[in-house]
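Step one of this worksheet: look at the structure below.
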Amino acid sequence: MLTEVKNNLKIMFLSLKYNLIRVMENRVSFLTSVSMMIFNNASFIIQWLTIFTLVEYIGSYTLNDIMLFWAISSGSYGLANILFNGANKIPEYIENGKLDAYLVMPKNVLCHVITSSTEPSAWGDLIYGYIALIIFNFSIKNIFLYSLLIIIGALIYTSFVIICNSFTFYFIRFSETSEILKDIFINGSIYPDVIFNRAIKIIFFTLIPCALASWVPVHLIIEFNIYHFILLILATNILIIIAFFLFYQGLKRYTSSNLMEARS
Amino acid sequence: MKKYLYIIKTTFNDSIQYISSLFIRFIGFAITMSILLSLWTFIYQDNTTISGYTLKEMFWYLLLTETITFGSKSPVATNEVKNCIKSGNIAYQINKPYHYIIYSITKYFADTLIRFIAFTIISTILGLIYVGPINNISIISFISCIPVFLLAVLITGMIKILISLTSFWVEDSQPFQMIYSKIILIFGIFFPIEMFPKIIGNILRYTPIYSVSYGPAKLMLSYNFSFFLNILITQIITIIIISIIINIVYRRGVRKLNVNGG
């Protein structure tokens, strides 16, 4: 079993390596995408600066705390889309019968699918996350903790995307609904928890777990709590298991399109 | 003129066929608005008014500005013009018996019209559910606002077409579209001009943001005839200025055009 895990990890790393080489081929386009994404995210600083000229605090949060929500969300989302952008393409693969190419390989199908693609602009999200952290909440401890927490955030986000997209096995054109669910996840994670009522908070901790990817990590950086950290890791593992389970249950319903095409 | 009316008619009929795909976007729009309402409700906890706006007015301001933005999201002004230039298809388009820019604007307007009407309806429903009707609104003020909102949609499209025309010189105009949408989002949608420091507010009054976002929404919230005329004249001047710029950019772009046969 350990050898199998090792082999799958090796394949995943190779996949990531070649994805990166591919996007780097057109450097101008890559750098434009990255810098535009940084600009895109940075524009929201103006939004919050303006809000903080109107009110002194949002709950007990200062501007620096709010920027932590942005740093964590941006970093997690960026990392997820750099490493596992293939998760976003599951509906396309299912609807167009493109999973065939992955099914015939003697490797874990889901791992192979999710690492099959990378999103160049996601580097902008990741870089912006670190910039926001360094400008607003710099400390060596924070950088270490942040790096660890965005990995957890990326795993939660990817698991959520896999769960949503696995419904494409059951429902036709579910991809549009899935896009909306992803948007809600992102929107929920960039805004502070205090603005939401209890019902929305429950949804954001369970059905759309953006609270686990953003709110909890922010609280851990502000004040580390080992109990919450362990719970976060447990919750992440549960989400990963659900994602794998739903994908493979759905895969049983997959029918090949007999499409003959080479994988790029 | 007849040919452009025909373009409007055919594009409008075409757009109606895809109206069902808008419903899923309504859900996303409703959720975005409820998140923004949560944020503003929290900000207004200790205040009844901020920069002269009550919570109800602020939420309606967001709804009205978002309606223009979501309603004018037509690919005709962005991807279609960009791809037409990049693929070289524009060489065929400029030989047709219409002016390509007027063709694009009329097509955009027809495509966006059904979208805009649909988002206006959903925004009205959301506003009524979340915060209730706008204070002191009358039939006359509502009807007066219609041309202002339509001109805002038209100006938005013209700006997007102008940005797309940069494809004559750059590989991809998409990053510029993104910058424009962010500027509108931050300075035109999230906050009314009064909430910015005075210097920024004064600058914004002389930008298209005043015509496409702040002006129409503010007019609907506090209608008076002189303000209506002010917005209308500003919009007409904006249209004239953008038309001149588009014309210059388009002429230079076409002169630069070099298409390989095939």
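Within the stretch B:68-82, identify whether any single residue is surrounded by 19 or more Cβ atoms within 10 Å (Cβ to Cβ) and more than 23 Å from the chain's Cα centre (by Cα), and answer yes or no.
There is no residue in the stretch B:68-82 that is surrounded by 19 or more Cβ atoms within 10 Å (Cβ to Cβ) and more than 23 Å from the chain's Cα centre (by Cα).
Within the stretch A:154-211, which residues are part of a loop (DSSP other than H, G, I, E, B), over 20 Å from B:ARG25 (Cβ atoms), in contact (Cβ under 8 Å) with a residue 24 or more places away in the chain and within 11 Å of another protein chain (Cβ to nearest Cβ)?
Taking the stretch A:154-211 and keeping what is part of a loop (DSSP other than H, G, I, E, B), we get A:170-174, A:191-192, A:196-197, A:206-209.
Filter once more, keeping what is over 20 Å from B:ARG25 (Cβ atoms): A:170, A:191-192, A:196-197, A:206-207, A:209.
With the extra rule that they be in contact (Cβ under 8 Å) with a residue 24 or more places away in the chain, the set shrinks to A:170, A:191-192, A:209.
Of everything in the stretch A:154-211, those that are part of a loop (DSSP other than H, G, I, E, B), over 20 Å from B:ARG25 (Cβ atoms), in contact (Cβ under 8 Å) with a residue 24 or more places away in the chain and within 11 Å of another protein chain (Cβ to nearest Cβ) turn out to be A:TYR191, A:PRO192.
Just checking, how many residues over the stretch A:87-141 are free of Cβ contacts under 8 Å to residues at least 24 places away in the same chain and either assigned to a loop (DSSP other than H, G, I, E, B) or polar (S, T, N, Q) (or both)?
Result for the stretch A:87-141: 5.
Take the conditions small (Gly, Ala, Ser) and within 14 Å of another protein chain (Cβ to nearest Cβ) and apply them to B:SER51. Does it pass? I'd like the intermediate steps shown before the answer.
On the way: small (Gly, Ala, Ser): yes; within 14 Å of another protein chain (Cβ to nearest Cβ): yes.
So B:SER51 passes the test.
Residues to consider are B:LEU37, B:LEU62, B:LEU55; find the one that is in contact with a Leu (Cβ under 7 Å, 6 or more places away or on another chain) and buried (at least 18 other Cβ atoms within 10 Å of the Cβ).
Numbers: B:LEU37 fails: in contact with a Leu (Cβ under 7 Å, 6 or more places away or on another chain); B:LEU55 fails: in contact with a Leu (Cβ under 7 Å, 6 or more places away or on another chain).
Only one candidate passes the filter, namely B:LEU62.
Of the numbered conditions (1) within 16 Å of the chain's Cα centre (by Cα); (2) in contact (Cβ under 8 Å) with a residue 60 or more places away in the chain; (3) more than 13 Å from chain A (Cβ to nearest Cβ), B:THR207 fails exactly one; give the number of that condition.
(2)
Go through the residues of the stretch B:134-151 one by one and say whether even a single one is hydrophobic (A, V, I, L, M, F, W, C) and not in a helix (DSSP H, G or I). Can you show your working first?
Going residue by residue through the stretch B:134-151, those that are hydrophobic (A, V, I, L, M, F, W, C) are B:134, B:137, B:139-140, B:142-143, B:145-146, B:148-151.
Right, trim to not in a helix (DSSP H, G or I) and you get B:134, B:137.
For the stretch B:134-151, residues hydrophobic (A, V, I, L, M, F, W, C) and not in a helix (DSSP H, G or I): present.
Out of the stretch B:206-237, which residues are among the hydrophobic types (A, V, I, L, M, F, W, C) and buried (at least 17 other Cβ atoms within 10 Å of the Cβ)?
Pass one, the stretch B:206-237, residues among the hydrophobic types (A, V, I, L, M, F, W, C): B:209, B:212, B:217, B:219-221, B:225, B:227-229, B:231-233, B:236-237.
The answer is B:ILE209, B:VAL212, B:ALA217, B:LEU219, B:MET220, B:LEU221, B:PHE228, B:ILE231, B:LEU232.
For B:SER15, work out the one condition from (1) more than 27 Å from B:GLY215 (Cα to Cα); (2) within 14 Å of chain A (Cβ to nearest Cβ); (3) under 19 Å from the mean Cα position of the chain (by Cα) it doesn't fulfil.
(2)
So, of the residues in the stretch B:22-39 that are within 9 Å of another protein chain (Cβ to nearest Cβ) and not aliphatic (A, V, I, L, M), which turns out to be farthest from B:PHE70 (Cα to Cα)?
That would be B:SER38.
Taken together, the values in this text are just the output of simple stated rules run on the coordinates, not laboratory data. On a predicted model such as this, the values are computed, not experimentally measured, just so you know. Backbone-built Cβ (ideal geometry, glycine too); neighbour counts: all protein chains shown.
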